[in-house]
1. Where the centroid of each part is defined by its Cα atoms, how far is the range C:250-278 from the range B:8-29 in Å?
2. Angle between the Cα long axis of helix C:331-368 and the longest principal axis of chain C, 0 to 90 degrees, nearest 10?
3. Report ³J(HN,Hα) in whole Hz for each residue of the range C:421-426, in order, from the Karplus equation J = 6.51 cos²θ - 1.76 cosθ + 1.60 where θ = phi - 60°; Gly and Pro get x.
4. Within chain C, count lysine pairs with alpha carbon atoms under 20 angstrom apart where the residues are 8 or more positions apart or belong to different chains.
5. Give me the percent of Cα-Cα pairs in the range C:84-339 that sit more than 24 Å apart, rounded to a whole number.
6. Suppose R0 equals 41 Å; then what is the FRET efficiency for C:R12 and C:H87 from their Cβ-Cβ distance, rounded to the nearest 0.05?
7. Jot down the per residue volume, in cubic angstrom and as a whole number, of the convex hull over the alpha-carbon atoms of the range B:407-470.
8. For chain C, how big is the tail of P(r) above 29 Å, as a whole percent of Cα pairs?
Amino acid sequence: MANVPSDLKYTKEHEWAQIEGDRARVGITAYAQEQLGDVVFVELPTVGATVTQHRGFGVVESVKAVSDLFAPLSGKVVEINGELVNAPELVNQDPYGRGWMMVIALANAAEVAELLSPERYEALVAQAGH
Amino acid sequence: MSRAAPASYDQLVFEVSSPGRVGYSLPECDVPEADPQTLLPARYLRSVAPALPEVSEFDVVRHYSRLSRLNYGLDTHFYPLGSCTMKYNPRLNEDMARLPGFARLHPLTPEGAAQGALALMHALAAALAEIAGMDAVSLQPAAGAQGELAGILMIRAYHRSRGERRTKVLVPNSAHGTNPASTAIAGYEVVEVKSTGTGEVDVDDLARHLGPDVAAFMITVPNTLGMFEPRVTEITEMCHASGVQVYMDGANLNAILGITRPGDLGFDVCHFNLHKTFTTPHGGGGPGAGPVGVKAHLEPFLPLPVVAKRGAHYTLDWRRPMSIGKLQAFWGNFGMMVRAYTYIRTMGADGLRLVSDNAVLNANYIMKRLESHYDPAAPGPCMHECVLSARRQKRQGVSAMDVGKRLLDLGFYAPSTYFPLIVDEALMIEPTETESKQTLDAFCDAMIQIAREAGETPGVIQEAPLTTPVRRLDQTRAAREPVLRWSP
Amino acid sequence: MRYIANTRDEQRAMLDVIGAHSIEDLLMGIPAKARLGQPLPLAPALAETDLVRHLRDLAAHNADADAYTCFLGGGSYDHYVPSPISHLISRGEFFTAYTPYQPEASQGTLRTIFEYQTMIAELSGMDVANASIYDGASSLAEAALMAHAVTSRSEIVLASGVHPLARRVVATYCAGPGLRLRDAAAPEGTMDLGGARALVGPKTAALVIQSPNFYGCLEDVAAAAEIAHGAGTLLVVAADPVNLGVLEAPGRLGADIYVGEGQGLGVPMSFGGPNLGVFAAKGELVRRMPGRLVGATVDVDGRRGFVLTLQTREQHIRRAKATSNICTNVALCALMATIYLALLGKQGLAKVGELSTAKAHYAAERLTDIPGVALRFPAPFFKEFVLTLPKSPARVVRRLAKDRILAGVPLGSFEKRLRDSLLVAVTEKRTREEIDRFATALAKAVGS
């Protein structure tokens, strides 16, 4: 059974977004971290940087792969998770909690409607896994 | 399961160091002023001495001899690595490369005093051109990846010389990683072309991608599944009809020597891996050499200088205004050229044909003996290498990686695993022509034993290797907390 | 054919198992019109004794540094190569091994690379060194690409004293990404600081300086660091590692990236290749470094072991987005350097540098005593220097070759303003007697 919290929104690139008013907290899903394997490094933007929906905002590196991270929503980075510098394994251990990556101040609230619901994301993951 | 082998040598040279020991012999200074502090202003001089080891000569000899025994080399172990062409490294090649007239020759020796070296380079280039059906060859690239970069840069220069700005290069999804990487460095957008279920180029997908914005299509022949592309001449014709240049990655040349040639198949440019087909040693990861061959229309763009012959005299030709420039400071890996030239002169045309005949025979023999135990990625016959899948074994809890590790315990190096990307649990096996039937049988027996163990006692495979100097290593730790140098 | 084991009987037995009539059956996938109709028109195969004779003959037509006294430099040097090196690297376990992708079977190679990385880091004063690039020039080119990736800037400023052939390689690599190369002039043989300051700015990814430079002159690397860092630019320092037993470590002078040609560390000159591209950087740049890296870890039993690490940045995984396209390094040459540095050690490498510079200064004195012969540049030099000659350097070189002396590199083909100049290198191997003989021969050749 996929680990897909019902209070989050998702992208087809396996990021999640937690909408908190005019901000969103962003990370990667349980499925993503499982596919990657042990995460060894996370490269995040600096606070103040601008991110654009569907465009790369950073990189997550595991022993066997490096994957680009795509912004689910556009906006300005207001917080990044400093804990990931010394403990990248948090992404594996707690992808929806302590493994969060950044918080953005939203530029365009209308973009939220384009994100996938938990049900649609769950269906996507079910299709992908063989 | 604990290890079955006794503890092996585990020292680094810094750990056998003792202050005051010396391992060198240099004469005393025979000129009046010997002190750098007098000769040079202080600000240029070293403030803190480097912490290099202090060991005796014998310490060094024993230490590195013991370290060498921690390696599986080709001399001692069969290496079935696909696409690497791990064939015997002839000792004659080593002797010839060490002749002082070659090894002790400075690159900036005046040309008139380096005629032997230039003659060798010229002859090697001509032989490679003949082998590949190309019109000209540059020996300069230091490795296959540099050869690819040279090839793509020449294609870029060619299109520009015709006033065309093409922005994309097509690469099959089965390609070796250096293909897209080299292409990206050359400034192109990499676009993947699909492969069919049996690993061939999907010609319809290729046709959809061809157009005036495509500069080149890069493929490996035989392909990375060890199969000869059946529609290769159709592919090169289609590409040319769209003004697209075709590049052949020569990594698998060992399959077609004296049988067919990239030039005759319609390719505009190809590279050679001297450290694969032409026996120069792998050295634990290099040096290699990656000469590149071109058809006449690309010749003006070759890296410079080009070795030219004027009458009886050889020269380095720098007057090449359309050249893509240089990839190495000097003229290429001359030491590897001596080895490859020695090999080609040892084999001659008949010998090279025997190479490919036996390379193909050996790979098919392995494929036939193993095909009921591991799923072939594509139906045979294969060429010089075969790709099997360990998907059956995976269902029993044994992955391709596990199979490779178990082979280490059984006295073999592992085949290539997880390449090409389009085959799951891929095992790519290239025996080469220098292996005997006895070795092939021993290898097949081992693989069959592993297939049986996967069903009966998978634990012994999952725990492998047990008998190597170290067992499975924590890659995650190495990447999370990189320790990239020794510290006291 | 001695490299192929299969006898006709064995071939027959294998074909029977395969179920094919002949090897031709296995080649049916190749279209008939693509098949060669006859054997390749290559020169006939030679038996071993004949081939040795042929190659010895080719080798005899080269003026090598055993038969001639070598004062050639310019990026390749006749340095002392201790005898154990060629024996150790000829061990089959080292030179016939593959890239260490299966670490359990490659601890020999992996440990020697780890030692190499340590020694280069120590010598250069940098935090981390990679397992080597092809040669010093391609190493420098990779540094330029890395600086561009790290800073997102697209100009590279190179001091004129950077080896001209290395600059050409940088230009070739930078063509794809469309980087602009700019030249910081060296009118007096060293980089003019005011000129450099004017060129380095917010568009500059890297300032590249070589010391000693192509002319043999020592550069003010610390000043270059100040100029670069003031503009947020990376400083790339190119330096011959053999000299670093005596000369200051680039890391202590402000280098962000260090590159060099390591041929002098026990690698044969071999007419220019294979060489040894040395590459090191500051710790914070490690994940952007091209090439292989070996790291320490433990195995399942807790034993120390070594693996290729941070591989996900490399071509075989990252593919189009890799930090570089490099696949092979030059492992065997790096092994030569490792053994060289182990044998020379803390004391020996310093001695090589001391002897080289002492003899170079003696040579410069003797040679400039000859009327008409002068040092071209006023800057301090280490083991190489540029002389102006009153006669054509090319003619002088030809004349001295008759005395079995390789006098130096005429610089006219590199720079027009130096067409009367000769680049002379002197290493620890040159005896006083050889230098005196050189001076006598040169005096005759320029007509004194």
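1. 22
2. Once rounded, the angle reads 30 degrees.
3. 10, 10, 8, 10, 10, 10
4. Summing the qualifying lysine pairs gives 12.
5. 45
6. On the way: r = 43 Å, r/R0 = 1.04.
Efficiency at R0 = 41 Å is approximately 0.45.
7. So the per-residue hull volume is 108 Å³.
8. 55
Computed from the coordinates by the stated procedures, all read-outs in this text should not be read as laboratory data. All of these numbers come straight from a predicted model, not from anything done at the bench. Using ideal geometry, Cβ is built from the backbone for each residue, glycine included, and neighbour counts are taken over all protein chains shown.
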